[in-house]
Structures are given as C-alpha cells and as structure tokens.
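Below you'll find the structure, written out as structure tokens, and then a few comments.
The values are calculated or read from the model by the stated rules, or taken from the named source; none is laboratory data. Every value quoted in this text rests on a predicted model; they were computed, and no experiment measured them. Positions of Cβ are backbone-derived with ideal geometry, glycine not excepted, and every protein chain shown enters the neighbour counts.
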Amino acid sequence: MIVIKYFGALVERTRCRGEKMDFSDLPLSKLLSELEIKYQLGQFPFSVAVNQKIIDKVSNLILKNNDVVALLPPFAGG
C-alpha cells in the first residue's frame, strides 16, 4: 500500500487530501502517470516528496509498501 498526499490546489483538483493505492514495487514515474490520467495534473506545477524527501519527478525510484508520496505545489513565503 502506498499513501499519496495532496496539498494546495491539488486538493481542489483531486477533491481529496490523500488516498491509498494497493501498489508496491511501482516506479514513481508510473504512479505519476496514473495520477495524470486520473486527475489531469499536468497543468499544475508541483514537486514530489517520497517519505519527506524531495525527489525528481522523472526518477527511476521504485516505491515500496508503506511509502508516502506527497505532491507539493510551489510555496510562497516571506
């Protein structure tokens, strides 16, 4: 099981703050592809964190059971 968390505008787009998927040994790129098909996220800029570490979206990282994937929109601060 992989946990996916959404933040900012992505919450509005997906209409949820997160979801769980029954996958393991899944490439990050494949997960992002599946989410693109499901939610059409391509128009939203976002970073990806896996287990609280920012990862390149095109990474060959293989997601394992209990991994937490967060989709993070750009943050502004001051």
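Remarks
- Taking the criterion of being among the aromatic types (Phe, Trp, Tyr) and over 11 Å from the mean Cα position of the chain (by Cα), the only residue of the stretch 44-60 that qualifies is Phe44.
- Here the stretch 31-78 is the region considered, the condition is being touching a Lys or Arg at 6+ places or on another chain (Cβ under 8 Å) and aromatic (Phe, Trp, Tyr), and the residue that is nearest to Ile2 (Cα to Cα) is Tyr39.
- Yes/no for Leu41 being touching a residue at least 60 places away in the same chain (Cβ under 8 Å), surrounded by 15 or more Cβ atoms within 10 Å (Cβ to Cβ), within 12 Å of the chain's Cα centre (by Cα) and closer than 20 Å to Phe75 by Cβ: no
- Failed criterion for Asn51 (all others in (1) touching an Asp or Glu at 6+ places or on another chain (Cβ under 7 Å); (2) at pLDDT below 95 hold): (2)
- Screening Ser33, Ser47 for residues that are among the small types (Gly, Ala, Ser), farther than 17 Å from Pro74 by Cα and out of contact with any helix residue (DSSP H, G or I) (no Cβ under 8 Å at 6 or more places or on another chain) leaves exactly one candidate, Ser33.
- Residues (closer than 19 Å to Asn66 by Cβ and either among the charged types (D, E, K, R) or exposed (fewer than 14 other Cβ atoms within 10 Å of the Cβ) (or both)) located in the stretch 4-26: Lys5, Arg17, Glu19, Lys20, Asp22, Ser24, Asp25
- Cross-chain or 6+ apart pairs with Cβ under 6 Å, the stretch 51-66 first and within 12 Å of Leu31 (Cβ to Cβ), then modelled with pLDDT under 95 and charged (D, E, K, R): Ile62/Asp25
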